[in-house]
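The values are calculated or read from the model by the stated rules, or taken from the named source; none is laboratory data. These numbers were taken from a predicted model, which means no experiment stands behind them. When we count neighbours, we look across all protein chains shown, and the Cβ atoms used for this are built from the backbone with ideal geometry, even at glycine. Protein only, heavy atoms only, side chains kept; ligands, DNA and RNA dropped before computing areas. Shrake-Rupley method; radii C 1.70, N 1.55, O 1.52, S 1.80 Å.
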Amino acid sequence: MQTRSALFLIAFIESLAACSGPTPGAAPAAPPAADAGERIYTANCVPCHQQNGQGIPGVYPSLAGSPVVRGDPAALALWVVRGQRPASMAAGRYGTMMLSFGWMKAEDAAALLTYVRSNFGNSASPVDSATVARALGN
Ligand code: HEC
């Protein structure tokens, strides 16, 4: 009896899974910007700043509570995309260097910056691509 109801349950779950499969020919839904930001962060920033944004003490700064992350979005975009140091960020704090992300499109940078500003305990406003494009002068 127990085996039969278990088999029934498996068949039932399988039929549900079959129903929820992708519709043939349907276009994939565009991912929400927040997901894009997380993806870009994971692919580019995690080696140094870590998945939790805490960095490595004395080696790579933490993005949690960072005034640069939570401050002026234009200055943040210039730093991350161009490597242009904000006036508020003293040089020589770290013996290591950040990579440059000049290839990043305004749209991608906006999603990424929105992600870092709203994670790791940060709660700063989102950044849109027009703000990034204006900051970068394109
Ligand atoms: C190769 C390691 C490395 C990678 C990869 C990297 N960073 Fe950095 N990041 C650094 C270092 C080192 C500093 C400190 C630079 C300095 O003060 O001169 C820094 C500083 C920062 C700061 C300023 C934080 C503060 O308060 O001092 C931000 C914001 C930042 N990085 C964001 C990012 C983002 C977003 C990415 C991914 C697109 C990224 N970084 C990728 C090494 C890295």
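Things to note:
- Count - residues of region 56-72 that are out of contact with any Lys or Arg (no Cβ under 7 Å at 6 or more places or on another chain), closer than 19 Å to Ala124 by Cα and of a type outside the set (S, T, N, Q): 8
- Residues of region 81-90 that are open to solvent by 90 Å² or more (accessible area, probe 1.4 Å) and either in a helix (DSSP H, G or I) or at pLDDT 95 or above (or both): Arg82, Gln84, Arg85.
- Looking across Gly21, Gly55, one residue alone is modelled with pLDDT under 95 and of a type in the set (Gly, Ala, Ser). It is Gly21.
- Selection over region 91-108 of residues that are surrounded by 16 or more Cβ atoms within 10 Å (Cβ to Cβ) and in contact (Cβ under 8 Å) with a residue 40 or more places away in the chain gives a count of 3.
- Residue within region 66-80 that is among the polar types (S, T, N, Q), modelled with pLDDT of 95 or more, in a loop (DSSP other than H, G, I, E, B) and open to solvent by 30 Å² or more (accessible area, probe 1.4 Å) present: no
- Residues located in region 45-65, provided they are among the polar types (S, T, N, Q) and open to solvent by 50 Å² or more (accessible area, probe 1.4 Å): Gln50, Gln51, Asn52, Gln54
- Failed criterion for Ser125 (all others in (1) more than 16 Å from Ala75 (Cβ to Cβ); (2) exposed (fewer than 14 other Cβ atoms within 10 Å of the Cβ); (3) away from the ligand (no atom under 11 Å from the Cβ) hold): (1)
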